[in-house]
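Everything on this sheet refers to the single structure shown next.
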Amino acid sequence: MSKQYKQIHCVINGKEREAMVDVRASLTDLLRNDFRLTSVKKGCEVGECGACNVLVNGECFNSCIYLAVWADGKEILTLEGLEGPNGEISDIQQAFIDEAAVQCGFCTPGAIMSAVEILNEGRELSDEEIRIRMSGHLCRCTGYENIFRAVKKTMLKRLGKE
Amino acid sequence: MYDIKALYEAESVEDAIRLMQEHPEAQIIAGGSDVLVQIREGRRAGVELVSIYGIDAMRGVTFDDEGAIRIGSLTSFSHIAVSPIIQEKIPVLGEAVSLVGGPQIRNIGTIGGNTCNGVTSADSASTLFAWDAIVELTGPEGVRRLPIQEFYIKAGKVALQPAELQTAIIIPKKSYEGYHGNYIKYAMREAMDIANLGCSVNVLLSEDKQTIADVRIAYGVAGPIPMRVPSAEAAGKGQKVCKETVEAFSKAVLEDIHPRDSWRAAKAFREHIAVEMAKRALSKSIELSGGEIRE
């Protein structure tokens, strides 16, 4: 089989990027191998666990079942993109720490990116809605309750309700 | 890396048809939440793929000139759920597709893919069956339309000809106007799970809300492909809105469905919940239509 490549152009964490992509690569492969964005975890690799979740044009996608060539022309945000200008972490990351929503940490970057999608909507979601929106992540440590609290707390804070 | 032999990216529907003619062995990939997983599992390893994911013309929910709802086959589940047209005219479809997988799957998964893989458990399919949806297929010979019941042939097999692709799903005006419906999914988990049984019901009540002018019911996982239930429909149509009708309607379901035993659920259990789901989905549909179920 001859190898097949495609030149793609995309924006990753706010920076214009070019890459020569093997058509067989997933977006997880591209982000981890070509750009060393290792917050994007390889978990189940079949779209079930959410550990590889990133935002593409503002929507959450499991990058393991997203072909890298499809990233052409898109805007991608990973956890690394949340870092402030002086290396500070974001409010939602701090909330995960404060609420003990992290133990082993493997699901955390993916879960935080789902939280970012929710927070970017700029509206108050019901508890039920938050649970549904966070339901694409498997976490074997925290029991989910602390993750839920971290997301809700940050949402309310950003809306000036806490 | 996926075990893919070659990937051809289509930029338009015409382009996709040409690529499929040039590469007759190639399979279509839309969002890939089934295809890529099956490649990973080895079931489709080594395939040639025609990617249609980039064809934006196949996305979106619109009305056509006759007032029919046209859903582009690449429209994601999450975009269907938030479409104002769906929310106003056929909210049950938005509710049904909001039960597929989890949020990330609903962002990548497409309604076209959900129906073209010919799987009985597809959460969109029973509702599309229950609303007399029409499937639009585009191929080298042009465009043709098929009722969704004729689109499904057998498990995993749909009526796509070589080099043909599904370009839209259409709900005609007469299928939705005045109807209200409800979908119930029975699964072990509330997210990331496949239905043990799915039941979609909708009704059209008479003006005085006393009679069921029309009722339609379809199941997923009650047979090898999604199915309508004519016996139940006959038992409900033209009848008074009352408890007796709801009972007769839900019991009649057993005359037509033939679920199987599997590791997910036993046949007897599926039959048991099928009756209960029909009862609840009909009751909810009547309630949404402004009717009241009396003794």
* Asked: Any residue in the range B:5-13 that is closer than 19 Å to residue A:5 by Cα, among the small types (Gly, Ala, Ser) and assigned to a strand (DSSP E or B)?
  -> yes
* Out of all the residues in the range B:107-120, is one or more under 19 Å from residue A:55 (Cα atoms), part of a helix (DSSP H, G or I), modelled with pLDDT of 95 or more and facing chain A (nearest Cβ under 9 Å)? -> yes
* To do: Could you list, in sequence order, all residues of the range B:14-46 that are over 14 Å from residue B:139 (Cα atoms), more than 13 Å from chain A (Cβ to nearest Cβ) and either of a type in the set (Ser, Thr, Tyr) or not in a loop (DSSP other than H, G, I, E, B) (or both)?
  => B:27
* Considering only the range B:137-242, give the helices (runs of 4 or more DSSP H) lying wholly within it that have at least 3 residues that are crowded, with 16+ Cβ neighbours inside 10 Å. => B:148-151, B:230-236
* Asked: Residues in the range B:156-175: is at least one modelled with pLDDT of 95 or more, touching a Phe, Trp or Tyr at 6+ places or on another chain (Cβ under 6 Å) and of a type outside the set (A, V, I, L, M, F, W, C)?
  -> yes
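Could you grab me the full set of residues in the range B:47-75 that are assigned to a loop (DSSP other than H, G, I, E, B), of a type outside the set (Gly, Ala, Ser) and either under 30 Å from residue B:2 (Cβ atoms) or at pLDDT below 95 (or both)?
B:52, B:53, B:55, B:59, B:74, B:75
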* Asked: Of the residues that make up the range B:97-105, is at least one within 10 Å of the chain's Cα centre (by Cα) and either assigned by TED's automatic domain parsing to the domain that holds residue B:36 or not in a loop (DSSP other than H, G, I, E, B) (or both)?
  -> yes
* Asked: When the range A:115-152 is examined, which residues are found to be surrounded by fewer than 19 Cβ atoms within 10 Å (Cβ to Cβ), part of a helix (DSSP H, G or I), more than 14 Å from every other protein chain (Cβ to nearest Cβ) and basic (Lys, Arg)?
  -> A:149
* Structure fact -> Going through (1) under 26 Å from residue B:156 (Cα atoms); (2) outside any loop (DSSP other than H, G, I, E, B) one by one, residue B:280 fails only at (1)
* Answer from A:27, A:31, A:37 - the residue that is on the phi < 0 side of the Ramachandran plot, surrounded by 17 or more Cβ atoms within 10 Å (Cβ to Cβ) and touching an Asp or Glu at 6+ places or on another chain (Cβ under 6 Å) -> A:37
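The values are calculated or read from the model by the stated rules, or taken from the named source; none is laboratory data. Being a predicted model, the structure only gives us computed values, none of them experimental. Cβ coordinates were reconstructed from backbone atoms using ideal geometry, including for glycine residues, and neighbour counts include every protein chain displayed.
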